[in-house]
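Taking it in order: structure first as structure tokens, then the write-up.
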Amino acid sequence: MNVTRFADGLWRWTAYYEEWRDEVGCVYYEATDGVVLIDPLVPPEVSEATRFWKALDRDIARVELPVHVYVTVFWHARSGGEIVRRYHGALHAPSRARAANEKRTGVSASVFRPGDAL
């Protein structure tokens, strides 16, 4: 897992995604009204997953804000459901991919459309 801090509350991490056999990118953003995770993936290796959960648990506890997982396309659902369940958060998916995201994550999703304010 590689983590890059762009600014306070804005991070990007990469993790190996077995389905694609490649590293994929994910984003963490602390908005004023919630923590936003975009296309999140928990690293598959146990030691990296432990490190990931420890850091995310710490940040979620520190900011005390709701957690929102945004999935940009249905094949990016990856760890979205696991994160939503862990933090009692909300899943958001493109309107055309709602059903596919719900199937992949096991979580009901609210939808967004092109041009919506997120």
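The values are calculated or read from the model by the stated rules, or taken from the named source; none is laboratory data. Everything quoted here is computed from the prediction, not taken from an experiment. Cβ coordinates were reconstructed from backbone atoms using ideal geometry, including for glycine residues, and neighbour counts include every protein chain displayed. Calculation scope for accessible area: heavy atoms of the full protein, side chains included, ligands and nucleic acids excluded. Shrake-Rupley method; radii C 1.70, N 1.55, O 1.52, S 1.80 Å.
Give segment 4-23 a look and list any residue that's in contact with a strand residue (DSSP E or B) (Cβ under 7 Å, 6 or more places away or on another chain), modelled with pLDDT of 95 or more and of a type in the set (A, V, I, L, M), or say none.
10 - this is the single residue of segment 4-23 that is in contact with a strand residue (DSSP E or B) (Cβ under 7 Å, 6 or more places away or on another chain), modelled with pLDDT of 95 or more and of a type in the set (A, V, I, L, M).
Quick grid of which residues meet (1) surrounded by fewer than 18 Cβ atoms within 10 Å (Cβ to Cβ); (2) of a type in the set (Val, Ile, Thr):
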{"position": "13", "(1), (2)": "no, no"}
{"position": "21", "(1), (2)": "yes, no"}
{"position": "24", "(1), (2)": "yes, yes"}
{"position": "37", "(1), (2)": "no, no"}
{"position": "43", "(1), (2)": "no, no"}
{"position": "47", "(1), (2)": "yes, no"}
{"position": "59", "(1), (2)": "yes, no"}
{"position": "62", "(1), (2)": "yes, no"}
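List every residue pair whose Cβ atoms sit under 8 Å apart, with the two residues 6 or more apart in sequence or on different chains, where the first one lies in segment 53-69 and is at pLDDT 95 or above and the second, anywhere, is part of a helix (DSSP H, G or I) and of a type in the set (Gly, Ala, Ser).
From residues that are at pLDDT 95 or above, the pairs are 69/80.
Could you grab me the full set of residues in segment 21-42 that are in a loop (DSSP other than H, G, I, E, B) and within 17 Å of residue 71 (Cα to Cα)?
39, 40, 41, 42
So, in segment 86-118, of the ones that are in a helix (DSSP H, G or I) and surrounded by 21 or more Cβ atoms within 10 Å (Cβ to Cβ), which residue ends up modelled with the lowest pLDDT?
Only one residue tops the list, namely 101.
Taking interchain pairs and intrachain pairs at least six residues apart, which have beta carbon atoms under 9 angstrom, with the first residue in segment 19-39 and under 18 Å from residue 4 (Cα atoms) and the second of a type in the set (D, E, K, R) and loosely packed, with under 10 Cβ neighbours inside 10 Å?
Between residues of segment 19-39 that are under 18 Å from residue 4 (Cα atoms) and residues that are of a type in the set (D, E, K, R) and loosely packed, with under 10 Cβ neighbours inside 10 Å, the close pairs are 30/8.
If residue 54 satisfies all but one of (1) touching a strand residue (DSSP E or B) at 6+ places or on another chain (Cβ under 6 Å); (2) open to solvent by 50 Å² or more (accessible area, probe 1.4 Å); (3) of a type outside the set (A, V, I, L, M), what's the number of the condition it fails?
All conditions pass for residue 54, except number (1).
Considering every residue within segment 76-85, establish whether at least one is outside any helix (DSSP H, G or I) and open to solvent by 20 Å² or more (accessible area, probe 1.4 Å).
yes
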